[in-house]
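J.: Pasting a structure here, questions to come.
The values are calculated or read from the model by the stated rules, or taken from the named source; none is laboratory data. This structure is a prediction, so every number in the text was calculated from the model and none was measured. With ideal geometry, Cβ positions are generated from the backbone for all residues, glycine too; neighbour counts draw on all protein chains shown.
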Protein chains: 2
Amino acid sequence: MSETVTELRRELAQIIDLRTAARVLEWDQLVMMPRGGATTRGDHLATVGRVAHELFVRDEIGELLEAAARDVDGADPDSDDACLVEVTRRDWEKARRIPADLHAEMTKLASESVEAWATARENDDYASFRPWLDRTLDLKRQYVACFPPADDPYDVLLDDFEREMHTDEVRRVFDRLEPALRELVAAADPEEDEAFLTGPYPEQMQHELSLAVIRAFGASNEFFRLDSTVHPFCTSFSTQDVRLTTRYAEDDLHASSIFSTLHEAGHGLYERGGDPALDRTPLATGCSSALHESQSRLWENVIGRSLPFWTWFYPQVRDGFAVLADVPLEVFHRAINRPRPSLIRVDADETTYGLHIILRFGLEQELLFGGLDTKDLPERWDDRMQELVGIRPADDRRGCLQDVHWAGGLFGYFPTYQLGNVLSVQIWERLLADVPDAYEQIERGEFGEIHDWLREELYRHGRKFTPAETVVRVAGGPIDPEPYLRYLADKNASLVPA
Amino acid sequence: MSETVTELRRELAQIIDLRTAARVLEWDQLVMMPRGGATTRGDHLATVGRVAHELFVRDEIGELLEAAARDVDGADPDSDDACLVEVTRRDWEKARRIPADLHAEMTKLASESVEAWATARENDDYASFRPWLDRTLDLKRQYVACFPPADDPYDVLLDDFEREMHTDEVRRVFDRLEPALRELVAAADPEEDEAFLTGPYPEQMQHELSLAVIRAFGASNEFFRLDSTVHPFCTSFSTQDVRLTTRYAEDDLHASSIFSTLHEAGHGLYERGGDPALDRTPLATGCSSALHESQSRLWENVIGRSLPFWTWFYPQVRDGFAVLADVPLEVFHRAINRPRPSLIRVDADETTYGLHIILRFGLEQELLFGGLDTKDLPERWDDRMQELVGIRPADDRRGCLQDVHWAGGLFGYFPTYQLGNVLSVQIWERLLADVPDAYEQIERGEFGEIHDWLREELYRHGRKFTPAETVVRVAGGPIDPEPYLRYLADKNASLVPA
């Protein structure tokens, strides 16, 4: 390794250490902190974030990157060092474009705006949140203006989550999905008697079963924690320290900890599977939001809602919950898979979910660049929901106030959820080609070969390659909605009671 | 507030934020982190610590301090701003004396040396630890050499924990205590039948009772957490976010969570009681190690081992533990108070404890500056133990390997434990003068007025005044061992079975 690269790595390591410290503070805030801690935690986070940002955007980093680029010229472009220089240079150039004041203002606004959103949602009071949304949209437009004009201004926002992806590429995928998903939802069978869906599912047993599943997936005690929060999430502080959270609804199987744990475990396995040699570099995390989501959805849905999975796991679950004593495996499997028109994204079934995302993808572009006035958002939301899913929210809590993302300044993020769904099936098909008995293994509760394949083909690379390159490596070609649509059609066809 | 002071506060706030972030990382490491996290956590901590140090020792901070000193000249010397400038200037001058390399080397060595100590203690293998101790002593001497010559080189180390205290002052107090404590231990009555001391004390009940006590003391859920660790400790991230830990021995009442929780709660109430206006400044923590320990010991011992306290609390405790069903209050009270010669500091009774400290205070001076070779430490330790307490360790685990402090580079710290004991009684006597019915209140489980007095007289000031000034404010005069010796003599006299 050249001396320059060594020095670059040393400089970057300290910046990553600070960003990691910020993530520890955030995890602590959401999982452990007594309520009183909130008075100063925002300041601690702002400071650590600002210091990390300032250290990163220094001229010296740019000079080191330039010198290091010369040193790795001619080296294997897949080598860690070559990728490190390439990826970091792009990150650095982006970060340099944002004035420190705008960066600080966005951080501060996001934190305050999320508070305002929480109160507004609680009181179903969209009007009180509107000024915050206006301010957030304004700052987002300023952010976009820091970059050279793109084909579509939304490209700039998308790039923060899917490096180099273009809006029209997303649009092409979603335009194919929209009519197909609507048709699938409309064609779904009416419900069976599913009184068992409302439990009770005692929390302690949910917890034990959730742990049993993630241990079987390979998320061991030595490298993972599982805690409880209102909104489940996953974060990591190195490949060897991964934190998952879940939630425990006792009266709603769909909102039980099982599925949220499967989901977060998928994110966690991705983080855990990174090459440890990438730790303390900017390459040490999943490649993109869509690829990350492809893994949460692969473990949660493709595996975790499959009949083979439940053939293995259902006996334990039925033993754990008295309410399931007389519910046959097939009835249970249909209940957790059947499409149902729904208002809430996070509770939606696999088929309807995509329509929720398509709605948000359109509306956030209209809000930012299409002249949609925030005062008209609730009605526009409800109209689109009627159009796409066939039902209409009775209030804004179940409408445009349901998600925290916009309040937190996350624009350009929603579409990656659905791209993740699409990719999860493309990747799964490739895995099936290499591991033809994967479903038989799942039926036996064996996940080792599946996990190994994913680590080898995807997880270990971290952020070394662009999302597009990584998708080609792991899925064998560019993003393609067809396998996903076939998968949904096949699954839905299998859900007809005998 | 002058613009300079405002700017100084802003600069200091970000340094304090980083130090606080480091404490969150440390707490997480000890309480929550999966084992795998250890591979990178040391790096994260080193980076955050180094960045905080570098920001603090900048010339700009010195210039701001000088300008601010002019601005507060003539202001009330007890004002927050005047104290901030005075205390910070002294901190800054000390920090500037330590070369960055030495600072980094000490941090690194401490972390590695603690690992080596843990292994050595586990294997009772002092020889394997000796090179680490030698290196630590060497760095400590280099550290001392960074400062101007003092009356006693140990003064420099003591100053890190008790600003401006001199070694001969400690020696004077300990010379008075040593013969008196030896006499009290020798005069202690032989034990009664105390088979109940070995339990069982089920962990869950210990936990519930520990929470019940700290809630009664005023450590509410909103501002405190109580978790479990091998070595109990207290840390805080602001006056509104205090973390206590405890341990649960089921077979040893002395090592049960009750007493360690009372102890850590005392530290925690001190942190919690600081004026919130001092948050995010260098003044926002307890004044000194001895004053901090005075509060842990006041709540743990002066209150928490008193007969009035157990008159209130014992009925709940007896109800909780079957083994106590037939044990009268007075027998229980004698069992938790009676002096017994013991080898382990942390399990020692109130009277013997001081002798453990006197032993360490002498030996660490001999090691650093008195020519005691580390190869002779175990024998010297055992000889002194025989002399002071009358018993001799059978191995080094129960001798010179029992404490982590020296491995972590903490020299000059041990004496503050005993100074804290001495101060706890001085402060308590002053409290009794103002709250003459304090014991009656305790007997009723009422701690509000006691807590208020301590907050008003001590806690709210944080680090505003020097330890000596603070002791005069809260205890009415300089440190004095007589009240403490009277307290012990009275207590021990009361422990004679009827």
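J.: A:Asp275 - would you say it is at pLDDT 95 or above, under 19 Å from the mean Cα position of the chain (by Cα) and within 14 Å of chain B (Cβ to nearest Cβ)?
T.: Numbers: at pLDDT 95 or above: yes; under 19 Å from the mean Cα position of the chain (by Cα): no; within 14 Å of chain B (Cβ to nearest Cβ): yes.
The answer is no for A:Asp275.
J.: Another question, then. Do the conditions hold for A:Ala82, that is, is it in contact with a helix residue (DSSP H, G or I) (Cβ under 6 Å, 6 or more places away or on another chain) and crowded, with 16+ Cβ neighbours inside 10 Å? Working first, answer last.
T.: On the way: in contact with a helix residue (DSSP H, G or I) (Cβ under 6 Å, 6 or more places away or on another chain): yes; crowded, with 16+ Cβ neighbours inside 10 Å: yes.
Yes, satisfied.
J.: Answer yes or no as to whether B:Asp43 is crowded, with 20+ Cβ neighbours inside 10 Å and facing chain A (nearest Cβ under 8 Å). Before you say what the answer is, go through the steps one by one.
T.: On the way: crowded, with 20+ Cβ neighbours inside 10 Å: no; facing chain A (nearest Cβ under 8 Å): yes.
When the stated conditions are applied, B:Asp43 does not pass them.
For every residue, the table says whether it meets (1) in contact with a His (Cβ under 9 Å, 6 or more places away or on another chain); (2) closer than 29 Å to A:Glu86 by Cα; (3) of a type outside the set (Val, Ile, Thr).
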site: A:His231; (1), (2), (3): no, no, yes
site: A:Tyr248; (1), (2), (3): yes, no, yes
site: A:Ala284; (1), (2), (3): no, yes, yes
site: A:Ser289; (1), (2), (3): no, yes, yes
site: A:Gly304; (1), (2), (3): yes, no, yes
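J.: Here's something else I'd like to know. Taking the stated definitions as given, is B:Glu387 over 25 Å from the mean Cα position of the chain (by Cα) and either in a helix (DSSP H, G or I) or modelled with pLDDT under 95 (or both)?
T.: Values: over 25 Å from the mean Cα position of the chain (by Cα): yes; either in a helix (DSSP H, G or I) or modelled with pLDDT under 95 (or both): yes.
So B:Glu387 fits the description; yes.
J.: Kindly check whether there is at least one residue in the range A:173-189 that is outside any helix (DSSP H, G or I) and either touching a Ser or Thr at 6+ places or on another chain (Cβ under 9 Å) or closer than 19 Å to A:Asp480 by Cα (or both). So that I can check it myself, show each step before the final result.
T.: Kept after step one, since they are outside any helix (DSSP H, G or I), are these residues of the range A:173-189: A:188-189.
Keeping just the survivors that are either touching a Ser or Thr at 6+ places or on another chain (Cβ under 9 Å) or closer than 19 Å to A:Asp480 by Cα (or both) gives A:188.
There is at least one residue in the range A:173-189 that is outside any helix (DSSP H, G or I) and either touching a Ser or Thr at 6+ places or on another chain (Cβ under 9 Å) or closer than 19 Å to A:Asp480 by Cα (or both).
J.: Same structure, new question: For the range A:46-68, which residues satisfy the criterion of being over 15 Å from A:Lys94 (Cβ atoms), in contact (Cβ under 8 Å) with a residue 12 or more places away in the chain and within 13 Å of chain B (Cβ to nearest Cβ)?
T.: Scanning the range A:46-68 gives A:Ala46, A:Val48, A:Gly49, A:Arg50, A:Val51, A:Glu54, A:Leu55.
J.: How many residues, within the range B:284-341, are over 21 Å from the mean Cα position of the chain (by Cα) and small (Gly, Ala, Ser)?
T.: Result for the range B:284-341: 4.
J.: Check A:Met33 against each of (1) touching a residue at least 12 places away in the same chain (Cβ under 8 Å); (2) within 26 Å of the chain's Cα centre (by Cα) and name the one condition it does not meet.
T.: Exception for A:Met33: condition (1).
J.: Now a separate question. Could you tell me whether the range B:87-105 includes any residue that is surrounded by fewer than 17 Cβ atoms within 10 Å (Cβ to Cβ), acidic (Asp, Glu) and under 30 Å from B:Arg397 (Cβ atoms)?
T.: Scanning the range B:87-105 turns up at least one residue that is surrounded by fewer than 17 Cβ atoms within 10 Å (Cβ to Cβ), acidic (Asp, Glu) and under 30 Å from B:Arg397 (Cβ atoms).
J.: Go through (1) surrounded by 17 or more Cβ atoms within 10 Å (Cβ to Cβ); (2) in contact with a helix residue (DSSP H, G or I) (Cβ under 7 Å, 6 or more places away or on another chain); (3) within 14 Å of chain B (Cβ to nearest Cβ) for A:Asp71 and report which single condition fails.
T.: Result: A:Asp71 fails condition (3) only.
J.: Restrict the check to the range A:226-237 and report whether at least one residue is closer than 30 Å to A:Pro481 by Cβ, of a type in the set (A, V, I, L, M) and away from chain B (no Cβ under 14 Å).
T.: No, the range A:226-237 has no match at all.
J.: While we're on this one: From B:Ala82, B:Ala95, B:Ala75, which residue is touching a residue at least 40 places away in the same chain (Cβ under 8 Å), of a type in the set (A, V, I, L, M, F, W, C) and out of contact with any Lys or Arg (no Cβ under 6 Å at 6 or more places or on another chain)?
T.: Working: B:Ala82 fails: touching a residue at least 40 places away in the same chain (Cβ under 8 Å); B:Ala75 fails: touching a residue at least 40 places away in the same chain (Cβ under 8 Å).
After ruling out the rest, the residue left standing is B:Ala95.
J.: If you don't mind, another one. Quickly run through the range B:195-229 and pick out the residues that are out of contact with any Ser or Thr (no Cβ under 9 Å at 6 or more places or on another chain) and closer than 21 Å to B:Leu25 by Cβ.
T.: Going residue by residue through the range B:195-229, those that are out of contact with any Ser or Thr (no Cβ under 9 Å at 6 or more places or on another chain) are B:195-198, B:200, B:202, B:204-205, B:208, B:212, B:215-222, B:224.
B:Phe224 - this is the single residue of the range B:195-229 that is out of contact with any Ser or Thr (no Cβ under 9 Å at 6 or more places or on another chain) and closer than 21 Å to B:Leu25 by Cβ.
J.: What do you reckon, is B:Ser257 buried (at least 23 other Cβ atoms within 10 Å of the Cβ), within 14 Å of another protein chain (Cβ to nearest Cβ) and touching a residue at least 24 places away in the same chain (Cβ under 8 Å)? Don't jump to the end; show me each part of the working.
T.: Working: buried (at least 23 other Cβ atoms within 10 Å of the Cβ): yes; within 14 Å of another protein chain (Cβ to nearest Cβ): no; touching a residue at least 24 places away in the same chain (Cβ under 8 Å): yes.
So B:Ser257 does not fit the description; no.
Residue by residue, here is whether (1) among the polar types (S, T, N, Q); (2) surrounded by 14 or more Cβ atoms within 10 Å (Cβ to Cβ); (3) in a helix (DSSP H, G or I) holds:
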| position | (1), (2), (3) |
| --- | --- |
| B:Lys140 | no, yes, yes |
| B:Met165 | no, yes, no |
| B:Pro200 | no, no, no |
| B:Gln204 | yes, no, yes |
| B:Ala212 | no, yes, yes |
| B:Val242 | no, yes, no |
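J.: Could you count how many residues in the range B:1-22 are more than 8 Å from every other protein chain (Cβ to nearest Cβ), of a type in the set (Ser, Thr, Tyr) and part of a helix (DSSP H, G or I)?
T.: Residues meeting the conditions: 2.
J.: Considering only the range B:306-339, how many residues are crowded, with 18+ Cβ neighbours inside 10 Å, of a type in the set (D, E, K, R) and outside any helix (DSSP H, G or I)?
T.: 1
J.: Would you check which residues across the range A:350-363 are more than 16 Å from the chain's Cα centre (by Cα) and either over 22 Å from A:Asp252 (Cα atoms) or not in a helix (DSSP H, G or I) (or both) and list them?
T.: A:Leu355, A:Leu359, A:Gly362, A:Leu363
J.: Turning to a different aspect of this structure: So is A:Ala104 part of a helix (DSSP H, G or I) and at pLDDT below 95 or not?
T.: Working: part of a helix (DSSP H, G or I): yes; at pLDDT below 95: yes.
Here the answer is yes, as A:Ala104 does meet what is asked.
J.: Does B:Ala249 qualify as being within 26 Å of B:Arg340 (Cα to Cα) and in a helix (DSSP H, G or I)? Before the answer, list the steps.
T.: Working: within 26 Å of B:Arg340 (Cα to Cα): yes; in a helix (DSSP H, G or I): no.
It is false that B:Ala249 is within 26 Å of B:Arg340 (Cα to Cα) and in a helix (DSSP H, G or I).
J.: Let me ask another. Working carefully through the options A:Ile442, A:Ile450, find the one that is in contact with a Phe, Trp or Tyr (Cβ under 8 Å, 6 or more places away or on another chain), among the aliphatic types (A, V, I, L, M) and either farther than 17 Å from A:Glu300 by Cβ or surrounded by 15 or more Cβ atoms within 10 Å (Cβ to Cβ) (or both). Show your work before the answer.
T.: Details: A:Ile450 fails: in contact with a Phe, Trp or Tyr (Cβ under 8 Å, 6 or more places away or on another chain).
Unique residue meeting the criteria: A:Ile442.
J.: Are there any pairs with C-beta distances below 7 angstrom linking a residue in the range B:457-486 that is among the polar types (S, T, N, Q) to a residue that is in a helix (DSSP H, G or I), with the two at least 6 apart or on different chains, and if so which?
T.: Listed by first residue and then by second, the contacts come to B:Thr470/B:Leu291; B:Thr470/B:His461.
J.: Please state which of the following conditions B:Arg398 fails to meet, knowing it meets all the rest: (1) part of a loop (DSSP other than H, G, I, E, B); (2) within 19 Å of the chain's Cα centre (by Cα).
T.: Among (1) part of a loop (DSSP other than H, G, I, E, B); (2) within 19 Å of the chain's Cα centre (by Cα), B:Arg398 violates only (2).
J.: Could you grab me the full set of residues in the range B:23-38 that are more than 7 Å from every other protein chain (Cβ to nearest Cβ), hydrophobic (A, V, I, L, M, F, W, C) and more than 15 Å from B:Leu226 (Cα to Cα)?
T.: Matches in the range B:23-38: B:Ala38 only.
J.: Looking at (1) surrounded by fewer than 18 Cβ atoms within 10 Å (Cβ to Cβ); (2) in a helix (DSSP H, G or I), find the lone condition where A:Gly371 falls short.
T.: Single failed check for A:Gly371: (2).
J.: Has the range B:90-109 got at least one residue that is within 30 Å of B:Gln402 (Cα to Cα) and among the basic types (Lys, Arg)?
T.: Looking for residues that are within 30 Å of B:Gln402 (Cα to Cα) and among the basic types (Lys, Arg), one finds at least one in the range B:90-109, hence yes.
J.: Looking at A:Ala216, A:Ala195, A:Ala180, can you tell me which residue is of a type in the set (Gly, Ala, Ser) and modelled with pLDDT under 95? First the steps, then the outcome.
T.: Working: A:Ala216 fails: modelled with pLDDT under 95; A:Ala180 fails: modelled with pLDDT under 95.
Testing whether each residue is of a type in the set (Gly, Ala, Ser) and modelled with pLDDT under 95 leaves just A:Ala195.
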